[in-house]
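The values are calculated or read from the model by the stated rules, or taken from the named source; none is laboratory data. The structure presented is a predicted model; accordingly, all values stated were derived computationally and were not measured. Glycine also receives a Cβ, built like all others from the backbone with ideal geometry; neighbour counts cover every protein chain displayed. Each accessible area value is taken on the protein alone, full model and side chains, heavy atoms only, with ligands, DNA and RNA left out. Shrake-Rupley method; radii C 1.70, N 1.55, O 1.52, S 1.80 Å.
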Amino acid sequence: MSRLSIKNDCLKAELHTESGHSTEVRSDSPRRSQADHASASLRSRSEHAQALTATVTHLSLEIEDSPLTGCLTSRFSWSLTLSPQVSDRIRAYRPRLPSTQWAPVAGLVRATVTAAAPANCAQARRMLYAVGRLAVWAEQAGLVRDPALWLRHEIINAFIATDCVGPDDNIRKFRSCLRQVSKTVIWAANGLPPLPRSQLSYTAPPYHMGELAKLRAWAELLPDRAQLDGLALLAMGAGCGLAPSEALTMRGTDVDASSGVPVLDERALGRLVVCHVDWAATLTELAKLAGSSYMFKPQRDHERPTTLISSWISCHSLDENLPKLSAHRLQATWLAGLLAQGISPPVIAAAAGMPSAAVLAPYRRPAQLPRTDAIRLLY
């Protein structure tokens, strides 16, 4: 049995468990007036550098011997003092939400993020944004005002499945941030183990040429609007290598085919993306038909609904002889195809929006050499 105690009056968070493990994270920056802030801004660079590194960790350990049972009991605790910059960031945080929604949970949100001990201001801002959204949603859902409840895995998953997450937010990063806070706070409070993390990230396998041809033939036989949506999904995934979230935002006007080669809007994607020749004619025709509307499912309320693609696939059941349609596998097919053509990996990585060509390693296919040539090369 364990308990969570969070004090929000002075940005001090305390986590205690009956197993003897206690954690204390406090702010090193007291409340200051405007005059204090003005004088603080005049500090020298050396003093400012010292303030940036003013993170102190204390660890204490006690061991007791019970004369009745002969058992040893250990109690250890640690405290970490956040830097003034991180402390000020947490204290001054105000989300773009009505005060009636933010005020009831503001103190607990700040104390929860303090307990997670963010390493810098950017990390503190991400945690405050994510935990703040979660707390407001939990308050509106009628849940008990308790961070230990907010940060349970099932509550986080229920929150992510709603429309409360902003349309411009990266769902994966949002969930990862909340789980990071959960691992720090909930583990100490309730003794839950951290979420397991796989050593290798999952890589969707690409389609074979025969599988992709069957999917294309299937999409061309769909009726009316479903045919356009299916071909748009295939063209943007297997022809342009767009991620599912990017494909949802593409409009017909984002495709420029005036030169005869379909080029996607660099301002919308932040990089140069050219449609492959196998899908160029299809994408050009779809863009003309879409105009200023979305190319995939133009009749929708949100720009990037979380489950729009998966729900569309489930509504248009495929034949048992066809492979399961997956937007991630379409993107993987585009990557593997360009690599097989011998295109430079840095060029492909830049077009895919990847940070490095090393990310393409899982999509490389080993060359199939005759046995005699392989023996000669390996000798």
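Taking Cβ atoms as reference points and 12 Å as the exclusive limit, the residues near Leu221 contribute a net charge of -1, counting Lys and Arg as +1 and Asp and Glu as -1. Placing Ile343, Ile155 in order of accessible area, with the largest value first and a 1.4 Å probe, yields Ile343, Ile155. Looking at region 246-353, the accessible area is 53 square angstrom per residue; that uses a 1.4 Å probe and ignores ligands, DNA and RNA.
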